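Engineer: Quick one: the structure is below, and I'll ask about it shortly.
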Amino acid sequence: MTSPATRDAAVRPTLDPADPVLAVIGGGQLARMMAQAAVALGVPLRLLAEGPDVSAAQVVPDTLVGDYRDLDVLRKIAEGCSVVTFDHEHVPTEHLHVLAEEGHACRPGPQALVHAQDKGVMRARLQQLGVPCPRNAVVADAASVERFAESVGGFPVVLKTTRGGYDGKGVWVVEGAADCGPVFETAHRTGVEILAEEKVDFRRELSALVARSPSGQVAAYPVVESVQSDGICWEVIAPAPDLDPELAVRAQQIAMDVASELDVTGILAVELFETVDGRVLVNELAMRPHNTGHWSIDGAVTSQFENHLRAVLDLPLGNPETRAAWTVMVNILGGPADRPVGQLYDGYPHVFARDPRLKVHLYGKSLRPGRKVGHVTAYGDDLEDAVERARHAAAWFRGDLEEEGE
Ligand SMILES: Nc1ncnc2c1ncn2[C@@H]1O[C@H](COP(=O)(O)OP(=O)(O)O)[C@@H](O)[C@H]1O
Ligand SMILES: [Mg+2]
């Protein structure tokens, strides 16, 4: 029998020491899907994970468990790695400046990443660049929210924590100054600032993804429609149906401009609102592979994960174009019933028998209500058919359907 130690010794010498080892900070599903792309490219990854059994730690043998807020831990993971990249945006930028000074290329770098960490900083910079955004202001208390509301034509107003929010956590719609109390309580308790934004009357939400390499090459994915429910991405359609081609180009141009102005390396996702009066406004930025790009694993010539790796390694980028007329991705979220772990696999006989063309990605995460545990992708020439197949499969995994035909 091979012990873990001898197995390790047998594996390591096959790596050429001259080949780059890529350090990935954060062990969620994005790192797991990066690992999948890295396997194909033969690029070894070293992972810094939050725990021994998190999503990516299950598939990356060279995993260190530690706290990404600890500079010594970051130094340890980066040792011997020329490039460091991320599964999330939360690594303190002061630590990344230190890593950069010590010779590790952080991609994206701290000067770029701060715009994905802090929505206040992002809004100020985009305004400077003349990028269209919802009207906004950093607010200190209910009285300043009221003043802001007056300046944008009244309530409702959207309030957001500038830092630390995700999946709609840290976003509130307030109808008046009286609603602001709990928001500022949270802000004071956690020491974050609050950003007020006009509530955009949007037709739908779009997302424009680009990959950008340090050499400056950019690959722009087709603009997609993303459907959110309670602040969580639920469904993505690539490309966005019936999108005015001029608006699509404008959205891609915004993403390309922001990527080069902020010197982003790797994937940049620009979340956008398509307003009812036919404009696009930037909602927020993410500097890592993004949920609205998961469709690209099965639906694009080069997935966002492969292009993220190519970009951070400064290799020529792959073609981002679609393989089919329509690709539909639906997230699998833990349902409210909180079914026991293990039942996701039980969904396979049904969904695979019903739809042999369906692609399923499960992240190895335990089920909790509202938690993203996987996604399904369907593609084809007929949009309605692809939507039906993807929705059916995701609903089946969620446990919302009992029998065929429902
Ligand atoms: N200014 C706004 N007007 C209208 N809806 C908004 C606005 N800002 C955010 N939202 C809604 O809230 C969701 C989550 O907001 P976002 O800033 O993207 O936070 P998160 O970091 O949690 O993704 C958005 O996808 C959108 O549906
Ligand atoms: Mg968002």
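The values are calculated or read from the model by the stated rules, or taken from the named source; none is laboratory data. All values reported here derive from a predicted model rather than from experimental measurement. Methodologically, a virtual Cβ is constructed for each residue, glycine included, from the backbone with ideal geometry; neighbour enumeration extends over all protein chains shown. To get the accessible areas, we keep the full protein, side chains included, count just its heavy atoms, and leave off ligands, DNA and RNA. Shrake-Rupley method; radii C 1.70, N 1.55, O 1.52, S 1.80 Å.
Engineer: Which condition number does residue 272 fail, the rest of (1) without any contact (Cβ under 8 Å) to a residue 24 or more places away in the chain; (2) within 15 Å of the chain's Cα centre (by Cα) being met?
Structural biologist: Of the numbered conditions (1) without any contact (Cβ under 8 Å) to a residue 24 or more places away in the chain; (2) within 15 Å of the chain's Cα centre (by Cα), the odd one out for residue 272 is (1).
Engineer: What residue, among those in the range 169-195 that are part of a loop (DSSP other than H, G, I, E, B) and open to solvent by less than 30 Å² (accessible area, probe 1.4 Å), is farthest from ligand 2 (Cβ to nearest atom)?
Structural biologist: Taking the range 169-195 as the starting set, the residues that turn out to be part of a loop (DSSP other than H, G, I, E, B) are 170, 175-176, 191-193.
Keeping just the survivors that are open to solvent by less than 30 Å² (accessible area, probe 1.4 Å) gives 170, 176.
On the way: 170: 10, 176: 25 Å.
The selected residue is 176.
Engineer: OK, next. Please enumerate the residues belonging to the range 219-251 that are exposed (fewer than 13 other Cβ atoms within 10 Å of the Cβ), within 16 Å of ligand 2 (Cβ to nearest atom) and charged (D, E, K, R).
Structural biologist: If the condition is that a residue be exposed (fewer than 13 other Cβ atoms within 10 Å of the Cβ), within 16 Å of ligand 2 (Cβ to nearest atom) and charged (D, E, K, R), then 230 is the only one that fits.
Engineer: Which one is most open to solvent (accessible area, probe 1.4 Å), of the residues in the range 118-144 that are touching an Asp or Glu at 6+ places or on another chain (Cβ under 9 Å) and among the β-branched types (Val, Ile, Thr)?
Structural biologist: 138
Engineer: Does residue 160 meet the test of being farther than 30 Å from residue 296 by Cα and either within 16 Å of ligand 2 (Cβ to nearest atom) or open to solvent by 20 Å² or more (accessible area, probe 1.4 Å) (or both)?
Structural biologist: So residue 160 does not fit the description; no.
Engineer: Additional query: Right, residue 205: within 16 Å of ligand 2 (Cβ to nearest atom), under 25 Å from residue 372 (Cβ atoms) and touching a Lys or Arg at 6+ places or on another chain (Cβ under 8 Å) or not?
Structural biologist: So residue 205 does not fit the description; no.
Engineer: Here's another thing I want to ask about it. Filtering the range 258-268 down to residues that are within 12 Å of residue 131 (Cβ to Cβ) and in contact (Cβ under 8 Å) with a residue 60 or more places away in the chain, which residue is nearest to ligand 1 (Cβ to nearest atom)?
Structural biologist: Among those residues, the one meeting the criterion is 258.
Engineer: Do we find that residue 331 is open to solvent by 10 Å² or more (accessible area, probe 1.4 Å) and polar (S, T, N, Q) in this structure?
Structural biologist: no
Engineer: Which of the following residues is over 13 Å from residue 85 (Cβ atoms) and among the aliphatic types (A, V, I, L, M): 23, 57?
Structural biologist: Numbers: 23 fails: over 13 Å from residue 85 (Cβ atoms).
Selected residue: 57, the only one of 23, 57 that is over 13 Å from residue 85 (Cβ atoms) and among the aliphatic types (A, V, I, L, M).
Engineer: Same structure, new question: Only one of 96, 48 is assigned to a strand (DSSP E or B) and either surrounded by fewer than 18 Cβ atoms within 10 Å (Cβ to Cβ) or of a type outside the set (Val, Ile, Thr) (or both). Can you tell me which? Steps first, answer last, please.
Structural biologist: Details: 96 fails: assigned to a strand (DSSP E or B).
Every option except 48 fails the conditions.
Engineer: Give me a count of the residues in the range 214-257 that are in a loop (DSSP other than H, G, I, E, B), touching an Asp or Glu at 6+ places or on another chain (Cβ under 7 Å) and within 16 Å of ligand 1 (Cβ to nearest atom).
Structural biologist: Within the range 214-257, residues that are in a loop (DSSP other than H, G, I, E, B), touching an Asp or Glu at 6+ places or on another chain (Cβ under 7 Å) and within 16 Å of ligand 1 (Cβ to nearest atom) number 2.
Engineer: Quick check on my filter: what residues within the range 269-315 are surrounded by fewer than 22 Cβ atoms within 10 Å (Cβ to Cβ), part of a loop (DSSP other than H, G, I, E, B) and more than 16 Å from ligand 1 (Cβ to nearest atom)?
Structural biologist: 278, 301, 302, 313, 314, 315
Engineer: For the range 98-134, which positions are aliphatic (A, V, I, L, M), in contact (Cβ under 8 Å) with a residue 24 or more places away in the chain and within 16 Å of ligand 1 (Cβ to nearest atom)? Walk me through it before giving the result.
Structural biologist: Start the filter on the range 98-134 by keeping residues that are aliphatic (A, V, I, L, M), which leaves 98-100, 105, 112-114, 116, 121-122, 124, 126, 129, 131.
Subset that is in contact (Cβ under 8 Å) with a residue 24 or more places away in the chain: 98-99, 105, 112-113, 116, 121-122, 126, 129, 131.
Matches in the range 98-134: 113, 116, 121, 122, 126, 131.
Engineer: Next up: Output the number of residues of the range 201-213 satisfying the condition of being surrounded by 18 or more Cβ atoms within 10 Å (Cβ to Cβ) and not in a strand (DSSP E or B).
Structural biologist: Going through the range 201-213 one residue at a time, the tally reaches 1.
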